[in-house]
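Enquirer: Structure incoming, see below.
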Amino acid sequence: MKKIKEFFANLTKKQKISYISIISIAFLLTESILLWAVTDRGMKGLFEWVNYIRTYVYYICAIGFIFPIIAVIIIIISQNMNPARKPLKALMVMAIFSLIIPIGFYGFIGSIPLQRSGDKAPQLLILNGSGANGIPNMAVSFWTKEKSTNSLNWGTTESMGTKMNDPKKSNIHAFLLNDLLPNTTYFYQINDVGQIYNFTTMPDITNTFKFMTTSDPHFGADNANRTATYKILDQLADPANGYQSFFMLGDMVEMGNNDAQYKEACDTFSPVTTHIPFRPIIGNHDVLFGGHQFWVDYFSPDIIEDAPRDYFHIKVNGIHIFVLDLEWGTETYTKAQKEWFEKELNETTDPDDWILVMNHCFYYSSGYLVDGSEWWDQQDMIETFKPVFEEHGIDMVFGGHNHIFEVLENGGIYYNIIGGLGGHPDRYYGGEGMVGQAGTGSIYYSTDIFGFLEVDIQGDTAYLTFKNPENQSVYNYTVNRL
Ligand SMILES: [Fe+2]
Ligand SMILES: [Fe+2]
């Protein structure tokens, strides 16, 4: 301690400030990575669920402590060798070096939203709420790497007639199609050139809606099966199957920070999702390391005031669909989201209504131990939501996250897991060498399978059919509205 005091006593005020401030800033910035890991929306779940990520973060934090210790050692050694030689180049070099980790880290994280891979193909997005005629508003949205002004012409005939223009040059382009009429075919064209797209809105019959839902394509993952994804999209596009909408329940990409994966996803979906109203829902992989900005720009364009944010409520012919932002578990169930959900349920629903909940992660599920975490029944999810679901008469819940097909019934509510859009299937939880268990209330479970779930609500009965990519039924059941 005496040697350190002597060292600083011999420095000018400017030298003291530079040594102390650089080392302190490097230390605090490095330690703040832990704070970032437990608070960032894309990281906190990863930190909680994946052992090796936690270990990496702890290592980085440990390195933060090493530099001040090295500084003390350098000072003591230098005082012993030659107390008169000041200032010390070695100490300054080390102090600057200690800034490399936090500056490099935050520089990388901060630059992710700027790393765009190119234009993103158009999508016909379902918006929140309900339009004037019992079905939701929609938006045609796309993203261009260069700022530009674009236009959309749309209408109920091939000559269209309603023209909208971007108000100013922008990367994000979103054109609101509001107050749509039910059971009506609309046409639209971008910039008055090329393809004229068309889509048909949902029918005008109370408690009637037929949609496809599936999850977890994981674009960018080496072990994903893209053939399965294409086959499923073919089924979605086939008019004979009569799908009125498509809900994709998350993990669209493998790494949320990789915009090329988002580009591949948009390019793959677009030929179908410009014709079938599309609603993607956030998964844990989609927001990794700053990926949330990509998600917002491509699927929740904030230039449309009414566009869905991370959680929202869609109404179709009196059927309520609550989309929640639950990526790994309750980590993303913020106070604001909880208050919104409970208020919305209280004020807009009746337990007799069809009420559906969609989000990425599972509540009940069969599964196994992954990276030290139990991927089966999530107790905190169950404790948080079961009483709310039962009180308000939720009928069906849809999610992915586990790459399986499963139906679990608990308290009269049907929980469906449809992780079949191309991400590598999970293994059987009861297989050799596996540590896992069956989910509570499981009535159907299958793995090593790709596919989708067809949900056909007709009045008081919903017909649910799990299908493989060839459109063959592998399991079906019915739910009666309570
Ligand atoms: Fe997944
Ligand atoms: Fe997931």
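Enquirer: Taking only protein heavy atoms and a 1.4 Å probe, what accessible area per residue, in Å², does the range 2-114 have with all protein chains in place?
Expert: Using a 1.4 Å probe on heavy atoms only, each residue of the range 2-114 averages 58 Å².
Enquirer: Still on this structure: In this model, which of LYS343/LYS386; LYS335/LYS386; LYS210/LYS231; LYS263/LYS335; LYS231/LYS315; LYS210/LYS263 are farther than 23 Å apart at the alpha-carbon?
Expert: Details: LYS343/LYS386 16 Å; LYS335/LYS386 17 Å; LYS210/LYS231 19 Å; LYS263/LYS335 33 Å; LYS231/LYS315 29 Å; LYS210/LYS263 28 Å.
Exceeds cut-off: LYS263/LYS335; LYS231/LYS315; LYS210/LYS263.
Enquirer: Place +1 on the Cβ of every Lys and Arg and -1 on the Cβ of every Asp and Glu in the chain, take the dipole about the Cα centre, and give the residue among TYR333, THR214, ILE172 whose Cα lies farthest towards its positive end.
Expert: Working it through, the farthest residue towards the positive pole turns out to be ILE172.
Enquirer: Restricting to bridges with both residues inside the range 155-273, how much of the DSSP beta-bridge set is antiparallel, in percent to the nearest 5? Mind dumping the intermediate values first?
Expert: Numbers: 6 of 11 bridges.
Taking every DSSP beta bridge within the range 155-273, about 55 percent pair in antiparallel fashion.
Enquirer: How many angstrom separate the Cα center of the range 140-211 from the Cα center of the range 283-340?
Expert: The two parts, judged by their Cα centres, are 22 Å apart.
Enquirer: Put a dot 7 Å past each Cα toward the Cβ at MET92 and TYR106; how far apart are the dots in nm?
Expert: 2.3 nm
Enquirer: Express the carbon and sulfur contribution to the solvent-accessible surface of the range 241-298 as a percent, rounded to the nearest whole number, probe 1.4 angstrom. Let's see the in-between values first.
Expert: Values: 600 of 1100 Å².
Result for the range 241-298: 54 percent of the exposed heavy-atom area is carbon or sulfur.
Enquirer: How many angstrom separate the Cα center of the range 43-118 from the Cα center of the range 439-482?
Expert: Centre-to-centre distance over Cα atoms comes out at 52 Å.
Enquirer: How big is the C-alpha Rg of the chain next to the rule-of-thumb value 2.2 N^0.38 Å, as a ratio?
Expert: Details: Rg = 26.6 Å, N = 482, 2.2 N^0.38 = 23.0 Å.
Cα-based Rg divided by the globular estimate yields 1.16.
Enquirer: Which helices of the chain meet both criteria: a Cα extent of 27 Å or more along the helical axis and a mean Kyte-Doolittle score no lower than -0.5, with helices taken as whole DSSP H segments? Before the final figure, lay out each step's value.
Expert: Values: long enough: 13-39 (38 Å, 1.01); 51-81 (45 Å, 1.54).
Those that pass (Cα extent of 27 Å or more, hydropathy at least -0.5) are 13-39, 51-81.
Enquirer: Counting DSSP beta bridges in the range 183-340, what percent are antiparallel, to the nearest 5?
Expert: Values: 10 of 18 bridges.
Counting only bridges with both partners in the range 183-340, antiparallel ones make up about 55 percent.
Enquirer: Report the far tail of the P(r) of the range 146-260, meaning the percent of Cα-Cα pairs longer than 18 Å.
Expert: Values: 4327 of 6555 pairs.
Cα-Cα pairs in the range 146-260 separated by more than 18 Å: 66 percent.
Enquirer: For the range 120-480, give the magnitude of the charge dipole about the Cα centre (Cβ charges: +1 Lys/Arg, -1 Asp/Glu; no others), in debye to the nearest 20. Each step should come with its number before you reach the end.
Expert: Details: 19 positive and 48 negative charges, 225 e Å.
Roughly 1080 debye, rounded to the nearest 20.
Enquirer: Over all alpha-carbon pairs in the range 348-482, figure out the percentage whose distance exceeds 22 Å.
Expert: On the way: 3248 of 9045 pairs.
Of all Cα-Cα pairs in the range 348-482, 36 percent lie more than 22 Å apart.
Enquirer: Now, a different point. State the percentage of accessible surface on the range 336-409 attributable to carbon and sulfur atoms; use a 1.4 Å probe and exclude ligands, DNA and RNA. Mind showing how you got there, number by number?
Expert: On the way: 1110 of 2520 Å².
Roughly 44 percent, rounded to a whole number.
Enquirer: Along the charge dipole of the range 2-114, pointing to its positive end and built from +1/-1 on Cβ of Lys, Arg, Asp and Glu, which listed residue (VAL72, MET43, ASN10) has its Cα farthest out?
Expert: ASN10
Enquirer: Let me ask you something else. Evaluate the relative contact order of the chain (contact order divided by residue number), counting alpha-carbon pairs under 8 angstrom at least 6 apart; express in whole percent.
Expert: On the way: 1091 pairs, mean separation 67.5, N = 482.
Result for the chain is 14 percent.
Enquirer: Could I ask something else about it? If you stretched the chain out fully between TYR230 and GLN337, how much longer would it get, using 0.36 nm times the residue separation minus the C-alpha to C-alpha distance?
Expert: 35.1 nm
Enquirer: If you count only protein heavy atoms with a 1.4 Å probe, what accessible area per residue comes out for the range 429-482, rounded to a whole Å²? Display every interim value, and only then the final one.
Expert: On the way: 2620 Å² over 54 residues.
Value returned for the range 429-482: 48 Å² of accessible area per residue.
Enquirer: Within the chain, what's the longest stretch lacking trypsin sites (Lys or Arg not before Pro) that sit in DSSP loops with no more than 15 other Cβ atoms inside 10 Å? Kindly include the intermediate steps, with their values, before the conclusion.
Expert: Working: sites that count: ARG85, LYS168, LYS169, ARG309.
So the longest stretch without any such site is 310-482.
Enquirer: Right, here's the next one. Looking at the chain only, what percent of DSSP beta bridges run antiparallel? Nearest 5 please.
Expert: On the way: 64 of 85 bridges.
Taking every DSSP beta bridge within the chain, about 75 percent pair in antiparallel fashion.
Enquirer: So, with a 1.4 angstrom probe, what is the percent of accessible area on the range 2-114 that is carbon and sulfur? Walk me through the numbers on the way to the answer.
Expert: Details: 4920 of 6600 Å².
Its accessible area is 75 percent carbon and sulfur atoms.
The values are calculated or read from the model by the stated rules, or taken from the named source; none is laboratory data. Source: prediction; values computed, not measured. Ideal geometry is used to build each Cβ from the backbone, glycine not excepted, and the neighbour counts take in all protein chains shown. The protein model used for the area step is the full one, side chains on, heavy atoms only, and it has no ligands, DNA or RNA in it. Shrake-Rupley method; radii C 1.70, N 1.55, O 1.52, S 1.80 Å.
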